[in-house]
1. Identify, please: which residue in segment A:1-49 is more than 7 Å from chain B (Cβ to nearest Cβ) and among the small types (G, A, S) and is, among those, surrounded by the fewest Cβ atoms within 10 Å (Cβ to Cβ)?
2. Being within 14 Å of chain A (Cβ to nearest Cβ), in a helix (DSSP H, G or I), more than 18 Å from A:F38 (Cα to Cα) and over 38 Å from the mean Cα position of the chain (by Cα): is that true of B:V75 here?
3. For segment B:362-380, which residues satisfy the criterion of being touching a helix residue (DSSP H, G or I) at 6+ places or on another chain (Cβ under 8 Å) and not in a loop (DSSP other than H, G, I, E, B)?
4. Return the residue satisfying two criteria in turn: it lies in segment B:472-485 and is farther than 11 Å from B:L452 by Cα and in contact (Cβ under 8 Å) with a residue 40 or more places away in the chain, and of such residues it is surrounded by the fewest Cβ atoms within 10 Å (Cβ to Cβ).
5. Going through segment B:438-483 one residue at a time, which ones are assigned to a helix (DSSP H, G or I) and among the acidic types (D, E)?
6. For A:T67, all conditions in the list (1) facing another protein chain (nearest Cβ under 9 Å); (2) free of Cβ contacts under 8 Å to residues at least 12 places away in the same chain; (3) within 18 Å of B:N5 (Cα to Cα) hold save one; what is the number of the exception?
7. Of the residues in segment B:300-317, how many are assigned to a strand (DSSP E or B) and either surrounded by fewer than 24 Cβ atoms within 10 Å (Cβ to Cβ) or of a type in the set (A, V, I, L, M, F, W, C) (or both)?
8. Could you tell me which residue of segment B:242-291 is surrounded by the most Cβ atoms within 10 Å (Cβ to Cβ), considering only residues that are farther than 30 Å from B:Q548 by Cα and within 12 Å of chain A (Cβ to nearest Cβ)?
Amino acid sequence: MTKKAVLQLGALTCPSCMQKIENAVKNHNGVENVKVLFNAAKVKADFNDEETSAEDLADVVTKLGYTVEKIKVKA
Amino acid sequence: MKFQNWIQTHNNQITLLTAILIVLGYAGKFAGSLLTYNIVLALASIIAAIPIMLHAFQALRVKVISIELLVSIAVIGAFIIGEYNESAIVTFLFLFGSYLEERTLSKTRQSIKSLTEMAPTTATLVHDDDTTEEVDVDDVEEDDIVLVKTGAAIPVDGVIVDGHGYTDESAVTGESREITKQVDDDVFSGTMLSDGYLKVRATKVGDDTTFAKIIELVEDAQDTKSHAEKFIDRFAQYYTPAVLIIALLVFIFSRDFKLAITVLVLGCPGALVIGAPVSNVAGIGNGAKRGILIKGGDAMDTFAKVDTFVFDKTGTLTKGNTSVAKVNSYELPLEQAFALTAKIESLSDHPLGRAVVNYAEQKDYSYQALNITANQTIKGQGLSATIDGHAVLAGNHKLLATNGVHLSASQQEDLANLKTTGSSIVLVAVDSKLVLMLGIADIIRPEVAAELQQLREKGAKHLVMLTGDNQATADYVAKEVGIDEVHAELMPEQKVEFVKQFQQDGRIVAFVGDGINDSPSLATADIGIAMGSGTDVAIETSDVVLMQSSFHALVHAYGLAKKTVLNTKENIAIAIGVVAFLLIGLVAGFIYMASGMFVHEASILVVIFNAMRLINYGHEKAEPAAELRTAK
C-alpha cells in the first residue's frame, strides 16, 4: 500500500543539497514521489510499504549527512 | 560513518580551527619562517577540505555535480602547485560562508518557524471516569475530550463542552485580541487560552486542523517556485557541470593550471541560486505573521502585476450582515421611540426585525419590561400592537397610509433621501404619528474608502464591484467607497463571465471574495483572494488568504507582493553583476582564487541581507510619526 512519509530535517542551507536528497530518495526502491522543501527542511515522499519504510528513507538521508529530527507516516 | 557524522556536527569547530591556523601561518611568515607558513597553511587546507570533500563525494554518489565538487577540485589543484595559502583561505571562506548563510537564512525563515513552534505538541486527555492523561497531540482522536488550562495552547479544533475563558487567536488570524469563549463556542488549534479553563470536544485533530493546514500551506508556499526561480534552478543544474567543462577547456587551451582552477572557484553559482528564493521566503514570512497567506512565488509574481481588483460586495466592502445604518427620529425622544420599536419587532423573526432588536441591545435601550396587550401581523405591510397603552405600527409606507398616518413634507424628503442609499426602510408610528424612520442595510466597512485609495496609490488601476444585490444598493455602496465600475443583480456564474471578460481585455485580475459562495470566481481570476475566512474551500481555491476580515490586510498584501518581486529582481541583478565583475576581474587579472571566493561568499550574504529588509515591511510607517512627536 502507498503511504506518505514526512521527514523533518535539520536546517538546509544550500539549494544544491535539495537535489542531492531528492535524487538519493527517488532512487531508493519503492519510492514513488519525492518532494524536498528547502525552507521548511522537509522531505515528503510517497512509498510502497511492502518494499521500504519511512525509517529506511530516513537512513538514506542520514547517510547523505543530514540529520533527521522527526519521522511521520500518513496512510 | 561515525567519522562522517562527527565531521558534519562539528563544522563550526573545524571552521574556527582553520581560521586560527591561517592566522598562525601568516604570523609565522612575518616572523620569517616560510616553512612554518607553508606547513601550517597546508594543514589548515587539509582540515577544512575534509567536510567539503565529504559533501562532494556524497553528491557524486547520487550523480549530482555539486558546488563542493568544484571547490574540492580547485583546492586539490592549488595544493598540487603548492599554493597552500590560497587553498587554506578558499576552504575557510567556503565553510565560514556556509555558517553565515545558515545564520542569516534562519532569520528569513523565523516568521514561519515561530508559527510552527506555536503548534501544540501535547494534550491533556479527559477519560470517561474524569481522570486526565497527558498524551502526544497526534494521539488525540475526534470526539475525545481535552482539558485546556490558562496559558496553554488549544491542541485541537473543537467545541467547548464545559468552562469558559479568553483566547488569543493571533496564530490563526494574525489579529491579536482576546476573544471570550463559552460553552458551544468553536475553538481552534494553535490558539492560546490566555485565561480560564476549558473542556473541548475535538472535531478536527492532527493534520486536519485549520492551524495545521495553514502551516502546511505556508511551508509549501515558501518552496513553490516562481517561473524565474524554476529557470534559475534548471540553469544551475547544468551550470555547475558546465563550469567543470569550461575549466577543463581553459586548461587544455591555455595550459594555465592556475587560471583553470580559478575558473572553478569563480563558477560557483551562489547568489544567483539563493537570491530569488530568499526574497520570497522573507516576503511570505512577513505575510504569514499578519495572517496573510500567499501561496508561493508564482502567486507573488502575479499578484504584483494585478491592475484590476474585482470585489464581491457582501462580506468584503460591507460587513456582510444587515444592521441599522440610519436612524431618523421625530416627535418622541429617541430612546422611548426605539424601545417601543424593539418591543414590537421582537415579536418578529424577519431579518429586518432582528436587525432592529440587535441595534437596541447594542445601544442598551431597555425594552423588555414593556407590556404588549394586543398584536397583529399584516402581511406585506408590517406589524401593529398595543404597547403600554400606545398604538404602535412598524412596517412600510403602505402600512402607515392604510392606517391614516401621513408624512410631512420634510419627512417625505428624508424618505426620498434614504431610498437613494438602497437601504430597506422601516417606518414606525406611535399613536398615529411618525416617530422613527430606519434605514437597514449591510453596513459599509468604515475604513474601505481610504484603503481603496491606498490600493490605487500602490498601482491598482481599475476597481470593480460585482454583486447579487439590487442596483440601488450597489450604486450607493460604489459611490461611497469609490468604485469605478458596478454590476448588480448577478448570479455567481455571471460574476465568472465578468472576470473572464476583464482577462480578455488584457487586464490582470484579482478577485476578492469572502470565500463562501464565490469559489468559481476565485479560481478563474489570475489571483483569487479569500477574505476573512479560514474555510477549507477558501484555502484551497484561492491564491491569497486573508485570515482576518480586514481591508488593511489586502492593501498590505498587495504592497508586499510588489516589494517582494522588486526585491527578487534586485537580488538577481546583484548576482549577475557579481558574476560579470568576477569575469572582468579574472580577465584583467585582479581576481584570484581567494579573492574570488571572498566576493562570491560576500555576494550571497548581500542578497540575504537585502531579502531580510522584507521581514520588516509594513513596520516602518509607525516610526516617522514617533519621530515627529519627539521632535516637537
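The values are calculated or read from the model by the stated rules, or taken from the named source; none is laboratory data. On a predicted model such as this, the values are computed, not experimentally measured, just so you know. Methodologically, a virtual Cβ is constructed for each residue, glycine included, from the backbone with ideal geometry; neighbour enumeration extends over all protein chains shown.
1. Checking each candidate, the answer is A:G10.
2. So B:V75 does not fit the description; no.
3. Within segment B:362-380, B:I372, B:N375, B:I378 qualify.
4. Among those that are farther than 11 Å from B:L452 by Cα and in contact (Cβ under 8 Å) with a residue 40 or more places away in the chain, it is B:A472.
5. Across segment B:438-483, the qualifying residues are B:E451, B:E457, B:D475, B:E480.
6. Unmet for A:T67, out of (1) facing another protein chain (nearest Cβ under 9 Å); (2) free of Cβ contacts under 8 Å to residues at least 12 places away in the same chain; (3) within 18 Å of B:N5 (Cα to Cα): (2).
7. Result for segment B:300-317: 4.
8. In this case the residue turns out to be B:G275.
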